[in-house]
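Undergrad: Take a look at this one; I'll ask things after.
The values are calculated or read from the model by the stated rules, or taken from the named source; none is laboratory data. Just so it is clear, the model here is predicted, and its values are computed rather than measured. Quick reminder, even Gly has a Cβ in these numbers, built from the backbone with ideal geometry, and neighbours come from all protein chains shown.
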Amino acid sequence: MEAGQGMGAVLQMAHDKMAYTLADRGTYVAYKSKIDSVIISEGDPVLHNPYGVIAVNPARHKQVNYIKAMAFIGWLTSPECQKLIGIFKQEGEVLFYPDAIPVK
């Protein structure tokens, strides 16, 4: 089925239809008190969903602030921010795993 909606609506729909769905951990954690669904599979490398950050090319898009974009990228990939990403939790569960640099 195609929902054409956000992940929260998809989780609710899967719950209502007693169906399976793929979901990100953050949305599942936010909705798990509203649904009876449980995780049946996790950690498979096939489901790895990395996030990335890329500055927009200022030669093609004159309106962008390339300097601020690069500053944001520098902060996001810094050891300090990577540590914050790694310790961020919702309902006691880690949601993201930093991979820009090893966290000590």
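Undergrad: Can you pull out every residue in the range 38-72 that is under 22 Å from Leu11 (Cβ atoms) and either modelled with pLDDT of 95 or more or not in a loop (DSSP other than H, G, I, E, B) (or both)?
TA: Answer for the range 38-72, where residues must be under 22 Å from Leu11 (Cβ atoms) and either modelled with pLDDT of 95 or more or not in a loop (DSSP other than H, G, I, E, B) (or both): Val46, Leu47.
Undergrad: Sticking with this structure for a sec: Go through the range 1-22 and report how many residues are of a type in the set (S, T, N, Q) and either exposed (fewer than 13 other Cβ atoms within 10 Å of the Cβ) or not assigned by TED's automatic domain parsing to the domain that holds Asp44 (or both).
TA: 1
Undergrad: Is the range 23-33 home to any residue that is free of Cβ contacts under 8 Å to residues at least 12 places away in the same chain, under 17 Å from the mean Cα position of the chain (by Cα) and assigned to a loop (DSSP other than H, G, I, E, B)? Spell out the reasoning first.
TA: To start, the set of residues in the range 23-33 that are free of Cβ contacts under 8 Å to residues at least 12 places away in the same chain comprises 33.
Imposing the further condition that a residue be under 17 Å from the mean Cα position of the chain (by Cα) reduces the set to none.
The answer is no; no qualifying residue exists.
Undergrad: While we're looking at this one, here's another question. If we scan the range 39-52, do we find a residue that is without any contact (Cβ under 8 Å) to a residue 40 or more places away in the chain, surrounded by 10 or more Cβ atoms within 10 Å (Cβ to Cβ), over 25 Å from Val94 (Cα atoms) and among the hydrophobic types (A, V, I, L, M, F, W, C)?
TA: Scanning the range 39-52, I find no residue that is without any contact (Cβ under 8 Å) to a residue 40 or more places away in the chain, surrounded by 10 or more Cβ atoms within 10 Å (Cβ to Cβ), over 25 Å from Val94 (Cα atoms) and among the hydrophobic types (A, V, I, L, M, F, W, C), so the answer is no.
Undergrad: From the list Met13, Met1, pick out the single residue that is part of a loop (DSSP other than H, G, I, E, B) and over 20 Å from the mean Cα position of the chain (by Cα). Break it down stepwise before answering.
TA: Values: Met13 fails: part of a loop (DSSP other than H, G, I, E, B).
Testing whether each residue is part of a loop (DSSP other than H, G, I, E, B) and over 20 Å from the mean Cα position of the chain (by Cα) leaves just Met1.
Undergrad: Moving to a separate point now. Would it be correct to say that Ile101 is over 16 Å from the mean Cα position of the chain (by Cα), in a loop (DSSP other than H, G, I, E, B) and under 30 Å from Asp16 (Cα atoms)? Steps first, answer last, please.
TA: Values: over 16 Å from the mean Cα position of the chain (by Cα): yes; in a loop (DSSP other than H, G, I, E, B): yes; under 30 Å from Asp16 (Cα atoms): no.
Considered against the rule, which asks whether it is over 16 Å from the mean Cα position of the chain (by Cα), in a loop (DSSP other than H, G, I, E, B) and under 30 Å from Asp16 (Cα atoms), Ile101 comes out as no.
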